[in-house]
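Written below as structure tokens is the structure these notes are about.
We did not get these values from a lab; they are worked out from the coordinates using the rules stated. Computed from a predicted model, the values in this text were never measured in an experiment. A quick note on method: Cβ atoms are made from the backbone with ideal geometry, for glycine too, and the neighbour counts reach across all protein chains shown.
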Amino acid sequence: MKKIKLISLAVVCAGLSSQVQAAPKLIPTMGSAATTYSFFTIQSPPAGVSALTVQTMLQGELDVSTALPKLTACWVTGDLNVTPVNCGNGAMQFANADLYTYNGASNIPPFNVSNALVVGIDPKKGTTLKKLTLTSKGANFRVGTVGVPNSGDTTGRVVNVHFNQRVAQFGMLVDSGQALAPSVSGIQFIVNRQTTLVKPLVAGAATFVGVEDSAGFTDISIIASGDVQSQSGVRAWNADQFAFVPLAKF
């Protein structure tokens, strides 16, 4: 009997040890239980129309869209140096000064918002959902002044993300810049104090970058890497479709 107990204890300890020692690895796609956020900003709605009305209308279009992945709107209050960015009431939050939304040109395809009519107090002054909604992108470079080109920086910015529950996977679509002059050439993650391999980016196109750790994690750091090839000499990238899979659903 004592020998059986010792064997059982060894099996339990081995299981705990393997869980603790689980290492992060790059993944090609997100799991089916992923929640995927896309950034949107509301323009000034007409009198008599609340922001909630606009948000509800857009989320309704996201819900019935047949495009994959299914998107959940992450609403940000502006598209220039907005921080912190909080998605899903804390489900996914980007640390202060780490991520800036920007409604600029991107190789990441935007969601096609419809021209559904949005009417306020005066029906003659109605507008459309498409005009009221900006499809923004997360960017790791600062826009110094409104109307001035993105300043970026020479070292690149580390992006830190926090989750309000333990997650097993995180991923996103990344745009590294122009095809002939990308700003960065790779992305890697720090998860549970371990650094992943570098995921090469495809210049001039959107590249999925994701990581998995079966031990679970609540925080992750994203680091741009590789030689800067752009003429401006700055490291900058933007992204959208930020996704995670809860450990409980992994």
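List of remarks:
- R0 of 30 Å, Cβ-Cβ distance Ala179-Lys125: FRET efficiency to nearest 0.05: 0.10
- Residue pairs exceeding 23 angstrom between C-alpha atoms, taken from Lys130/Lys249; Lys70/Lys130; Lys70/Lys137; Lys70/Lys249: Lys130/Lys249.
- Taken about its Cα centre, the stretch 25-249 carries a charge dipole of roughly 140 debye when the Cβ of each Lys and Arg holds +1 and the Cβ of each Asp and Glu holds -1.
- The stretch 235-250 - phi-based ³J(HN,Hα) in whole Hz, Karplus 6.51/-1.76/1.60, Gly and Pro as x: 9, 8, 8, 10, 7, 7, 6, 6, 10, 8, 10, x, 4, 5, 10, 7
- Classification of the stretch 25-249 by its C-alpha gyration tensor yields an oblate form. The axis ratio a/c (a ≥ b ≥ c) is 1.5 or more, and b/c is at least a/b.
- Segments 50-62, 33-45 sorted - mean Cβ within 10 Å per residue, highest first: 33-45, 50-62
- Amide hydrogen proximity for Val85: with H placed 1.01 Å from N in the peptide plane, the residues at 5 or more positions away or on another chain lying under 5 Å are Phe94.
- A straight chain from Thr56 to Leu26 at 0.36 nm per residue would run longer than the Cα-Cα distance by 7.3 nm.
- Square roots of five times the Cα gyration tensor eigenvalues for the stretch 46-119, Å: 22, 17, 14
- Förster-model FRET efficiency, 25 Å R0, Ala205 and Ser114, C-beta, rounded to 0.05: 0.45
- With 0.36 nm allotted per residue and the present C-alpha distance subtracted, the Thr218-Leu68 stretch has 51.4 nm of extension available.
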